[in-house]
Amino acid sequence: MYIVILLITLLAFTPAALAADQRPVLQETTPITAGAVMKNYHWETADGPAKIHVVEIDLNNPYVQLGVIPGAGKLTQRLNVSAMAKNTGAVAAINGDFYNTRAEGSPIGPTVIDRRWVTSPSKLEGIYALGITGDRMAHIEPFTFEGKVTAPNGKELELAGLNKTIYWEEPHGAHSHAHKLHLYNDMWGGKTRGNDSYTIPTEMLVDQGRVVSIVKGQYIDSPVPQGMYILRGHGLAAGFLLDNFKPGDPADITYACQPQRDWSMVIGGHALLVDLGAAVPYTKDISALGGVRARTAAGISRDGKKLWLVGVEGRTAASKGLTPGNLSRFLVEIGTWRALNLDGGGSSTMVARPLGEWETRRVFTPEQTTERLVVNALGVFTSAPEGSLKGLALPGVDLLLVNEQVPLNLRAYDEYYNPVDVSALPVEWQISGGTGKVEGGVFVAGNPGQFEIRAGAGSMSSAVTAKVLGKTDVAAMKLTGNVGQVLNGEQIPLSLTLTTTSGKTRQVPASLADWQFYGLEGAVSPEGVLTVQSGSGQEAAFVVARYQGFSAPLPVKAGNEPAAPSGLSMELTVGQKQMLVNGTVWEMDVAPVIMDGRTLVPVRFISQAMNAPVLWEGAAKNATVVRGGNWIDLWLGERLMVVDGQAVELDVPPLALQGRTMLPLGAVARAMGLTVDWDPGTKKIYLN
């Protein structure tokens, strides 16, 4: 966005700051179209991680073109970059010039669209623009504007600009439209031109070099008609129009921008970031541009035959963004000879067409929740013809769940990286290292494990590694829902979130979970809606979601309120069946034993002496201990214990001994909030 620029400041490039950062790492290179590739970088800077995306364009390739996209088609018609790319068929695009967010919607810099001048440069110091000439050479230059209007009597007045909204000129801070004459053509879509409360306009409509009408002290009540011009004057300039023209008179309008080249396109930017292959101090006021933010920029090679469009993700968990200084350093790192800053921060947006796909996608998340509406974008276009099949692309699939159905979205592309219709190809699928099947391009996940999915068509193939999560891949599961004081028949939406041992998260559809009810009767729909049918009146009630046995309990206030755990004091001895529970002698069916330095006790002891019901699922060899608000799961022979949805690794697994299930006492007791003390001399264990 354009902010009033009054100061000139310098950025500090200190040796200490340079030494603090690692170099950017190129992570992936993917073709977009013939002559354009996407390169993704990761940079661990002193300010935090930065994800940087670069569209690298080879202007030697005759099929790739660049062009300016003006919003929804005209100036003042702002639009987001995704929509601009879709409307014009661009295969990639990035937001362009700065603009005054409080004005009508015109870029501050010069604009050429399809060899036609659309806006003149503003009278601002140190501002540059990117242009491409008819011989496909890229240049980054400062631009100037000159023009005049000549009346039939020979009197002349200087033109101040083409299709400009209000701003403050530099270096003297003059109002851009006060006592000045401005020209507007049919690329200006609004009914006001340079609108503010200070410069009341007089306007003159010109068609094919002759005056059609003149209105004093107001705007002509329409956008500029097709093929015509409107001259807008204020003060002395308004007097020039009124004193020297009348309807039917000829009006000689001439203007030009410097440097004069055979420009096929020009888009404005801001100050230079790189000059002659070196990072340069930013020569404009960065009070509104500084900090660690999302960024966009454009750079060119020394010979003008290579162009880089750079988009930096900012203010997300994965990418903090870059300072202007670090953006300069990055541009030098990738090889730019000259580079300029584009409108960044909240306007930063980049879209690109993934290999083999038909539509563009946003490359990174914007700083705000939605894409900002901006005045223009720089689009990448292709004129490549249809070519022969070159390859297949299979997007990655990860964190799959047992029985989950996932569209594989196989893509194909030709020799020019145009997308190819996959439905017309004889695709064959193979799965190795695991179970599952592909039906109609949809993968149905089988048993847990890691495996490869491969698609083939003729001599072309593409493969991805996939993983179906099992119980041991889960670190935690959380079931949430506004249960409160549940009433019979009430319907409550539930949400189940799984976290893997590697720290990744994903939602688990209710249809892929097994549901268990304790202390109440109910049902959960495939959409995840809980319906409580009745409560049993037990002290504790739970709705439990299970994935591959891993449990996520949700305490539910149904029936009577759970009673607070009563005081408990126990004393038992390894090898002896007798124990003391609150001073009373109890008899166990199997004496406690020590395995690998840990004490195991029979499950009946847990259930009776500790006042904790134990549920047994024979097929899964799963014991569930319920006490108060705790839900604890263990499995025979497995070192995994799940406590209230959190995985805990056991030193020794539960085992079967003398026909009884033995559970690790210390781990279970501590999970229920009890204190465990051990006397090695007497081999006694104390719990309270």
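Applying the criteria of a DSSP loop state and at most 14 other Cβ atoms within 10 Å to the trypsin sites (Lys or Arg not before Pro) of the stretch 127-226 yields 155, 191, 216. For residue 45, the amide hydrogen comes within under 5 Å of the amide hydrogens of 50, counting only partners 5 or more places away or on other chains and with H modelled in the peptide plane. Sites listed here are GluC sites (Glu not before Pro) in the stretch 142-196 whose DSSP assignment is loop and whose Cβ has at most 13 other Cβ atoms within 10 Å, and the list is empty.
Over the chain, DSSP H runs of length four or greater, each weighted -39,500 (n - 2.57), average out per residue to a 222 nm ellipticity of -2000 deg cm²/dmol.
Judged by the mean number of other Cβ atoms found within 10 Å, the most tightly packed of the peptides 549-556, 583-590, 320-327, 420-427 leads the ranking 320-327, 549-556, 420-427, 583-590. Solvent-accessible surface of the chain, taken per residue with a 1.4 Å probe and all protein chains present: 43 Å².
For the pair residue 101 and residue 228, the difference between a 0.36 nm per residue extended length and the Cα-Cα distance amounts to 43.0 nm.
For the stretch 422-523, the carbon plus sulfur part of the accessible surface works out to 47%, probe radius 1.4 Å. Residues in the stretch 132-145 carry Karplus couplings, in order, of 10, 8, x, 8, 6, 10, 9, 9, 10, 9, x, 10, 10, 10 Hz; the curve used is 6.51 cos²θ - 1.76 cosθ + 1.60 with θ = phi - 60°, and Gly or Pro positions show x. When the accessible area of the stretch 558-688 is split by element with a 1.4 Å probe, what percent falls to carbon and sulfur? Looking at the stretch 558-688 in its full context, I get 48 percent from C and S. Per residue, the Cα convex hull of the chain amounts to 224 Å³.
Between residue 480 and residue 137, what FRET efficiency comes out of the Förster formula 1/(1 + (r/R0)^6) with R0 = 51 Å and r the beta carbon distance, rounded to 0.05? After rounding, the FRET efficiency stands at 0.30. Taking 0.36 nm per residue of separation and subtracting the current Cα-Cα distance, fully stretching the chain between residue 454 and residue 303 would add 50.1 nm. Using DSSP, restrict attention to beta bridges with both residues in the chain and report what percent are antiparallel, rounded to the nearest 5. Within the chain, antiparallel bridges account for around 95 percent of the total. In order along the stretch 440-452, the phi-based Karplus estimate (6.51 cos²θ - 1.76 cosθ + 1.60, θ = phi - 60°) of 3J(HN,Hα) comes to x, x, 10, 8, 9, 5, x, 5, x, x, 10, 7, 10 Hz; Gly and Pro are listed as x. For the stretch 580-636, the list of trypsin sites (Lys or Arg not before Pro) that fall in a loop by DSSP and count at most 13 other C-beta atoms within 10 angstrom is empty. In order along the stretch 104-111, the Karplus-derived 3J(HN,Hα) couplings, from 6.51 cos²θ - 1.76 cosθ + 1.60 at θ = phi - 60°, round to 6, x, 10, x, 6, x, x, 9 Hz, and Gly and Pro are given as x.
Report the extension gain between residue 463 and residue 608 in nm, rounded to one decimal, defined as 0.36 nm multiplied by the number of residues separating them, less their alpha carbon distance. Let's see the in-between values first.
On the way: separation 145, 0.36 × 145 = 52.20 nm, distance 5.49 nm.
Value of the extension gain: 46.7 nm.
The values are calculated or read from the model by the stated rules, or taken from the named source; none is laboratory data. Remember, it's a predicted structure, so these values are computed and weren't measured experimentally. Heads up, the Cβs are rebuilt from the backbone with ideal geometry, glycines too, and the neighbour counts pull from every protein chain shown. All accessible areas refer to the heavy atoms of the entire protein, side chains included, with ligands and DNA or RNA removed. Shrake-Rupley method; radii C 1.70, N 1.55, O 1.52, S 1.80 Å.
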